[in-house]
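To keep things clear, I will list the structure first and then write my remarks on it.
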Amino acid sequence: MGTTVIFGFASEAGRDAWLASAISAVLGACLMLVYLFIFKATGGLTLVEWFPSVFGKWWGTLFSWLFRCCLFIMPLASSATYGFFFR
């Protein structure tokens, strides 16, 4: 589902820092429900397997690789952003 780092923002948010964690947990749970719905609706296909079955071999493979790259790049960008703010 992911994690949320709120160390730097907690000082500014004060007592309301829990709200950011609660909202991100709810959004993460909604995203997991969407993934679960796709998994059940496609007969057990993962998203990487689902893209080619819906969009065809070439476009589906392209979307599948873009999805994989996003799963790899987004945490790197997030950690880089975190590093830039809190040096």
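Read-outs throughout are calculated quantities, based only on the coordinates presented, and are distinct from any laboratory measurement. Everything quoted here is computed from the prediction, not taken from an experiment.
Points worth noting:
- Vicinal HN-Hα couplings computed from phi for region 65-71 (Karplus, 6.51 cos²θ - 1.76 cosθ + 1.60; Hz; Gly/Pro x): 5, 4, 4, 4, 5, 5, 5
- HN-Hα J in Hz across region 42-54 - Karplus 6.51, -1.76, 1.60, θ = phi - 60°, x for Gly and Pro: 9, x, x, 7, 6, 4, 5, 7, 6, 3, x, 6, 9
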